[in-house]
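The values are calculated or read from the model by the stated rules, or taken from the named source; none is laboratory data. Just so it is clear, the structure is predicted and the values come from calculations on it, not from any experiment. When we count neighbours, we look across all protein chains shown, and the Cβ atoms used for this are built from the backbone with ideal geometry, even at glycine. Please note that ligands, DNA and RNA were not included when accessible areas were found on the heavy atoms of the full protein model with its side chains. Shrake-Rupley method; radii C 1.70, N 1.55, O 1.52, S 1.80 Å.
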Amino acid sequence: PGAIHHAADVLRHGGLVAFPTDTVYGVGALAFNSEAVERLYPVKGRSAEKAIAVLIASPDHLPKVAADMSAEVKLLAAAFWPGALTLVVAKRIEVPKAVSPTGTVGVRVPDHPVTLTLLRAAGPLAVTSANRSGEPNTTTAGEVLAALGERIDLLIDGGRCPGGVASTVIDCTTHPPMVLRAGPITEEMLRAVLGE
């Protein structure tokens, strides 16, 4: 509990915090703090044209970042959240360009107690994998330290991530929705829910 309180405080002051999720370790900033989100790009060596996903604590928080909630979005969120599925949706105008330079944003509710507790304490977080771009994903705190070291402000050691594979990403702004990145949730599982 003390670590979560400290992490939320670091985030509120514009800091970057790395933490375990159900897939891989992530590094995040408060989603609505543009300056903090912009720090994520040089930390990772990531192109500013690439959007950063937003993690939320509950499907009920989706309207904070999504401008449109289609029937497909509601079906997929109900079936797979919390879990390893990122939904690309039309973003609210309040979501900073630093999170996504386009009109869409990827959103996910992770299935990990540390992450969910942090999200409930701090609010929506812009989160990217805690590694240097092009390098392997990190699944332990030691790997995060080796990859990002002093570039981040705080690291929560929550043990090894149970998944180890980045989330499935599906674009819900197209009809029918289109898988952009394969992951733990298969296309067959998605089609079964969507009735395709």
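Around the amide H of Asp111, modelled in the peptide plane, lie the amide H atoms of Asp22, Gly83, all under 5 Å away and 5 or more residues distant in sequence or on another chain.
Could you tell me which of rounded, prolate or oblate describes region 99-162, using a ≥ b ≥ c as the square roots of the eigenvalues of the alpha-carbon gyration tensor, with rounded for a/c under 1.5 and, failing that, prolate when a/b is larger than b/c and oblate otherwise? Kindly include the intermediate steps, with their values, before the conclusion.
On the way: a/c = 1.77, a/b = 1.20, b/c = 1.47.
The shape class here is oblate.
Rounded to the nearest 10 degrees, the inclination of helix 2-12 to the longest alpha-carbon principal axis of the chain is 80 degrees. With both labels modelled 7 Å from their Cα along Cα-to-Cβ, the Asp9 to Val179 distance reads 4.5 nm. Distance between the 7 Å Cα→Cβ label points at Glu49 and Ile93: 2.7 nm.
With contacts taken as Cα pairs under 8 Å at a separation of at least 6 residues, region 65-132 carries a relative contact order of 32 percent. Over the chain, accessible surface divided per residue gives 45 Å², non-protein components excluded, 1.4 Å probe.
Taking only the C-alpha atoms of region 81-133, Rg followed by Dmax gives 12.0, 31 Å. Based on Cα contacts under 8 Å between residues 6+ apart, region 150-193 shows a relative contact order of 29 percent.
With a 1.4 Å probe and all protein chains left in place, how much of the accessible area of region 49-90 comes from carbon and sulfur atoms, in whole percent?
Working: 970 of 1710 Å².
Percent of accessible area from carbon and sulfur atoms in region 49-90: 57.
Report which label in (i) 14.0; (ii) 12.1; (iii) 9.7 holds the value of mean projected area of the Cα convex hull in nm² derived from the coordinates of this structure. Step by step, mean projected area of the Cα convex hull in nm² for this structure corresponds to label (iii).
Using a ≥ b ≥ c from the Cα gyration tensor of region 1-55 (square roots of the eigenvalues), is it rounded, prolate or oblate, where a/c under 1.5 gives rounded and otherwise the larger of a/b and b/c decides, a/b for prolate? Oblate is the answer for region 1-55, as a/c is 1.5 or above yet b/c matches or exceeds a/b.
Our coupling estimate for region 165-181, obtained by passing each phi through the Karplus curve with A = 6.51, B = -1.76, C = 1.60 and θ = phi - 60°, is 10, 4, 5, 5, 10, 10, 7, 8, 8, 9, 10, x, x, 10, 6, 9, 9 Hz, Gly and Pro reported as x. In sequence order, region 43-56 has phi-based couplings of 4, 8, x, 9, 5, 5, 7, 8, 5, 10, 6, 10, 9, 10 Hz under the Karplus curve 6.51 cos²θ - 1.76 cosθ + 1.60, θ = phi - 60°, and Gly or Pro positions carry x. Taking each residue as 0.36 nm, the span from Val193 to Ala121 lengthens on full extension beyond its C-alpha to C-alpha distance by 22.8 nm. Residues whose amide H lies under 5 Å from that of Ala66, counting only those 5 or more places away or on a different chain, are Arg92; hydrogens are built 1.01 Å from N in the peptide plane.
Remark: the Cα gyration tensor places region 14-129 in the oblate category, a/c being 1.5 or greater and a/b not exceeding b/c. Taking +1 at the Cβ of each Lys and Arg and -1 at the Cβ of each Asp and Glu, which of Ala126, Ala192, Gly106 sits farthest along the dipole of region 94-196 towards its positive end, judged by Cα position relative to the Cα centre? Of the options given, the answer is Ala126.
In the chain, what % of DSSP beta bridges are antiparallel (nearest 5)? The partial results should precede the final answer.
On the way: 19 of 27 bridges.
Looking only at bridges with both residues in the chain, the antiparallel portion is about 70 percent.
Backbone amide hydrogens, once placed in the peptide plane, bring Leu125 within less than 5 Å of Ala31, Leu55, excluding anything fewer than 5 places away on its chain. The lysine pair count for region 1-103, using Cα distances under 18 Å and pairs eight or more places apart or on different chains, is 7. Computed over region 3-149, relative contact order equals 36 percent, with contacts defined as Cα pairs under 8 Å that lie 6+ residues apart. Phi angles across region 80-93 convert, under the Karplus curve 6.51 cos²θ - 1.76 cosθ + 1.60 with θ = phi - 60°, into 3J(HN,Hα) values of 10, 9, x, x, 8, 10, 9, 9, 8, 10, 5, 8, 5, 4 Hz, Gly and Pro given as x.
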